[in-house]
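Input: a single structure, listed below in structure tokens.
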Amino acid sequence: MDFFPIFLKINNKQILVVGGGDVACRKVDLLLKAHANVTVVSPQLHPHLQELLQQQLITHIEQPYQSSQLSGADQVWATTDSAALNHQIYHDANALKIWTNVVDDPTFCDFITPSMVDRSPIQVAISSGGASPVLVRYLRERLETYLPQNLSLLASFSGEQRQRIKQHFTTVDERRKFWEQFFRLSVVENAHTTEELEVAFQQLLTEKNQCGGSIYLIETGHDPELLSLKALRLMQQSEYVLYHDDVADVFVDLCRRDADRERCDHKNIQALTENLTQQGVRVCILATKDNHRPGIKKYCASHNGIFVPIFG
């Protein structure tokens with residue numbers, strides 16, 4: 001392991017960025033999101049950095065780099081277009097025991113920044129240690145399709161309920177099981193507001209001994225590339241897949257690999273789904289757009305299921 005994975009708190013830390021071009025812009029934006037105090041050293045500034053300076057979000061030292069500028073810095077970023085200068089900055093900062101990053105040059109880095117999937121406060125970081133940036137980008141894109149957009153909402157809400165949960169459940173195991181069930185509720189997965197989560201939260205506390213599954217009705221059509229990211233995510237989450245004869249194999253293959261699969265017809269699908277959800281199973285129903293049965297959609301809605309149309 002060339003780099004130890006870690007999340008750093010840089011709130012109000014003094015960060016020195018040497019260089020004022022495109023690369024500096026990207027790094028400064030990330031540093032400001034983490035509430036760092038950023039000083040940029042460069043004779044000229046990119047227009048974006050000029051805007052940040054005018055907004056008093058950064059400090060600017062309008063001079064070429066000098067080692068004396070490192071004084072008081074907690075962290076240093078070398079982003080100039082001169083490899084020799086970047087390496088000099090690294091050696092100067094190391095002499096002062098200041099963590100330094102020379103952008104796109106892992107050999108001259110005390111730390112590196114990973115590719116990130118940001119659903120703050122949930123963050124997923126991926127790194128190859130600089131070995132394969134394209135592969136890392138590919139993995140991040142895959143993760144983006146799996147992780148719901150409302151993760152920020154879920155994380156913030158659940159964090160605010162810790163004391164309430166302790167009043168209802170005396171053991172860690174009981175609280176863990178409650179949250180596992182809560183996050184698997186269809187209404188929670190589909191929630192867009194705190195109010196929706198609060199309703200589901202209170203209802204689950206009242207019915208805490210009940211454990212039901214979930215229903216996902218996915219319209220498949222003919223072209224798998226028309227599936228939405230949400231449809232793909234739900235297909236990957238499902239533990240059991242029910243599909244009709246007219247559903248192409250490519251759609252079934254896109255579902256979770258270890259999920260149980262069963263071909264069914266329109267006559268027995270409701271009975272199968274009812275039995276599975278009572279066992280607490282997540283059920284994905286695949287039905288073609290051209291041969292869609294209104295009864296299935298109505299059944300899904302009546303059981304708080306999620307319907308995802310082919311274009312949606």
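The values are calculated or read from the model by the stated rules, or taken from the named source; none is laboratory data. Note that the structure is predicted; figures quoted are calculated from it, not measured. Glycine also receives a Cβ, built like all others from the backbone with ideal geometry; neighbour counts cover every protein chain displayed. Quick note on the areas: whole protein, heavy atoms, side chains included, nothing else; ligands and nucleic acids left out. Shrake-Rupley method; radii C 1.70, N 1.55, O 1.52, S 1.80 Å.
General observations
- Odd one out for Phe108, checked against (1) under 18 Å from Leu31 (Cα atoms); (2) touching a Phe, Trp or Tyr at 6+ places or on another chain (Cβ under 6 Å); (3) among the aromatic types (Phe, Trp, Tyr): (1)
- Counting residues in the stretch 20-41 that are open to solvent by 80 Å² or more (accessible area, probe 1.4 Å), at pLDDT 95 or above and in contact with a helix residue (DSSP H, G or I) (Cβ under 9 Å, 6 or more places away or on another chain) gives one or more.
- Residue tally, condition over 21 Å from Ile310 (Cα atoms), touching an Asp or Glu at 6+ places or on another chain (Cβ under 9 Å) and open to solvent by 80 Å² or more (accessible area, probe 1.4 Å), over the stretch 251-287: 2
- Screening the stretch 202-306 for helices (runs of 4 or more DSSP H) wholly inside it with 3 or more residues that are touching a residue at least 60 places away in the same chain (Cβ under 8 Å) returns the ranges 229-237, 269-278, 294-302.
- Screening Gln44, Gln63, Gln69, Gln50 for residues that are touching a residue at least 40 places away in the same chain (Cβ under 8 Å) and either surrounded by 12 or more Cβ atoms within 10 Å (Cβ to Cβ) or of a type outside the set (Phe, Trp, Tyr) (or both) leaves exactly one candidate, Gln69.
- Residue in the stretch 80-128 that is modelled with the highest pLDDT, counting only those that are surrounded by fewer than 16 Cβ atoms within 10 Å (Cβ to Cβ), aliphatic (A, V, I, L, M) and closer than 17 Å to Glu141 by Cα: Ala125
- The C-beta contact set for the stretch 121-135 (first residue more than 18 Å from Asp2 (Cβ to Cβ), second residue surrounded by fewer than 17 Cβ atoms within 10 Å (Cβ to Cβ) and aliphatic (A, V, I, L, M), distance under 9 angstrom, 6+ apart or interchain) comprises Pro121/Ala155; Ile122/Leu147; Ile122/Ala155; Gln123/Met116; Val124/Met116; Val124/Leu143; Val124/Leu147.
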